[in-house]
Amino acid sequence: MAMPQPIEEEEPPTIEEIWEWTPSYPGFQVEIIDGSLVVSARGNFRHARINYFLHTAFHDVALEKGWYLCHELTIHLESNRDRIEPDLVIVPPDPPMFGDSEVFGRGVLLVAEVTSRGNAVRDRFAKPRNCALSGVPLYLLIDPVDEPTAITLFSEPSDDGYRTIDRVVAGEKLRLPEPFDLTLDTASLR
């Protein structure tokens, strides 16, 4: 009698493979946050208006320095292999890439997120922590869910998160350090 042969079990797909295979759907974004696949709706008109504010606020400095203002760009966070798609990413002309379509977090200049009710906790806590661990120098959070609207700049990444956190409410000015050397007037975010 022949011995039964062991059945070869197929390895389950990784979260990265599932993320890569997930088709895009209009009005939604798919990210990997803390090792979980997260599907969330894109923002409403207020969200779009704040994105427009961010784009115009950084336009001149980006043009002067040859940087790119990117929307719908995937950031590969090396610390835990998360993939995030911030509302705005500012990158130098030749950022380090992971494959053809993802920029390493350590290669961006600034990541900006605009919270909504569905993603506020992730944008306030998980994303800044993971961005700091992956060397993203500046994480800008515009939080219209907070009352009043808050704008927070996280800077000086370390192994424990960001060392410096500057928070203002809409209407106040927020200073961004080098290489931006820029003061954001947040009056239109009220």
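Are there strands (runs of 3 or more DSSP E) fully within the range 47-147 with at least 1 residues that are surrounded by fewer than 20 Cβ atoms within 10 Å (Cβ to Cβ) and among the aromatic types (Phe, Trp, Tyr)? List them. If you could, list the steps in order and put the result at the bottom.
Working: elements: 68-70, 74-77, 82-84, 88-91, 102-104, 110-114, 138-143.
Passing ranges, in order: 68-70, 102-104.
I'd like the full set of residues that are acidic (Asp, Glu) and either farther than 14 Å from residue 16 by Cβ or without any contact (Cβ under 8 Å) to a residue 40 or more places away in the chain (or both), limited to the range 66-93.
Result: 72, 85, 87.
What pairs come out if I take residues in the range 44-65 that are within 17 Å of residue 86 (Cβ to Cβ) and pair them with residues that are part of a helix (DSSP H, G or I) and open to solvent by less than 80 Å² (accessible area, probe 1.4 Å) whose C-beta lies under 7 Å away, six or more apart or interchain?
Once the first residue is within 17 Å of residue 86 (Cβ to Cβ) and sits in the range 44-65, its partners that are part of a helix (DSSP H, G or I) and open to solvent by less than 80 Å² (accessible area, probe 1.4 Å) give 50/189; 53/188; 53/189.
Where residues in the range 30-43 are touching a residue at least 60 places away in the same chain (Cβ under 8 Å) and assigned to a loop (DSSP other than H, G, I, E, B), which of them is least open to solvent (accessible area, probe 1.4 Å)?
43
Mind telling me which of the residues 142, 90, 75 ends up being within 26 Å of residue 163 (Cα to Cα) and touching a Lys or Arg at 6+ places or on another chain (Cβ under 9 Å)?
That would be 75, the only listed residue that is within 26 Å of residue 163 (Cα to Cα) and touching a Lys or Arg at 6+ places or on another chain (Cβ under 9 Å).
Looking at residue 180 and the list (1) open to solvent by 30 Å² or more (accessible area, probe 1.4 Å); (2) in a loop (DSSP other than H, G, I, E, B); (3) modelled with pLDDT of 95 or more, which single condition is not satisfied?
Of the numbered conditions (1) open to solvent by 30 Å² or more (accessible area, probe 1.4 Å); (2) in a loop (DSSP other than H, G, I, E, B); (3) modelled with pLDDT of 95 or more, the odd one out for residue 180 is (1).
What pairs can you find where one residue is in the range 135-152 and over 12 Å from residue 189 (Cα atoms), the other is of a type in the set (Gly, Ala, Ser) and in a strand (DSSP E or B), and their Cβ atoms are less than 7 Å apart, with a gap of 6+ or different chains?
If the second residue must be of a type in the set (Gly, Ala, Ser) and in a strand (DSSP E or B), the pairs left are 137/155; 138/155; 140/112.
Would you tally the residues in the range 2-27 being touching a residue at least 60 places away in the same chain (Cβ under 8 Å) and out of contact with any Leu (no Cβ under 8 Å at 6 or more places or on another chain)?
1
Report, by residue number, each residue of the range 10-29 that is open to solvent by less than 90 Å² (accessible area, probe 1.4 Å) and either of a type outside the set (D, E, K, R) or under 19 Å from the mean Cα position of the chain (by Cα) (or both).
Matches in the range 10-29: 13, 14, 15, 16, 18, 19, 22, 23, 27, 29.
Could you list all residues from the range 160-174 that are under 18 Å from residue 56 (Cβ atoms) and surrounded by 12 or more Cβ atoms within 10 Å (Cβ to Cβ)?
Of the range 160-174, the ones under 18 Å from residue 56 (Cβ atoms) are 170-171, 173-174.
Correct list: 170, 171, 174.
Read through the list (1) crowded, with 17+ Cβ neighbours inside 10 Å; (2) part of a loop (DSSP other than H, G, I, E, B), then give the number of the only condition that residue 157 fails.
(2)
Only one of these is over 16 Å from the mean Cα position of the chain (by Cα) and of a type outside the set (Phe, Trp, Tyr): 32, 7, 50. Name it. Quick ask: steps written out before the conclusion?
On the way: 32 fails: over 16 Å from the mean Cα position of the chain (by Cα); 50 fails: over 16 Å from the mean Cα position of the chain (by Cα).
That would be 7, the only listed residue that is over 16 Å from the mean Cα position of the chain (by Cα) and of a type outside the set (Phe, Trp, Tyr).
The values are calculated or read from the model by the stated rules, or taken from the named source; none is laboratory data. In this text the structure is predicted, and so the values were computed from the model without any measurement. Glycine also receives a Cβ, built like all others from the backbone with ideal geometry; neighbour counts cover every protein chain displayed. When the accessible area is computed, the model is the full protein with side chains, heavy atoms only, and any ligands, DNA or RNA have been set aside. Shrake-Rupley method; radii C 1.70, N 1.55, O 1.52, S 1.80 Å.
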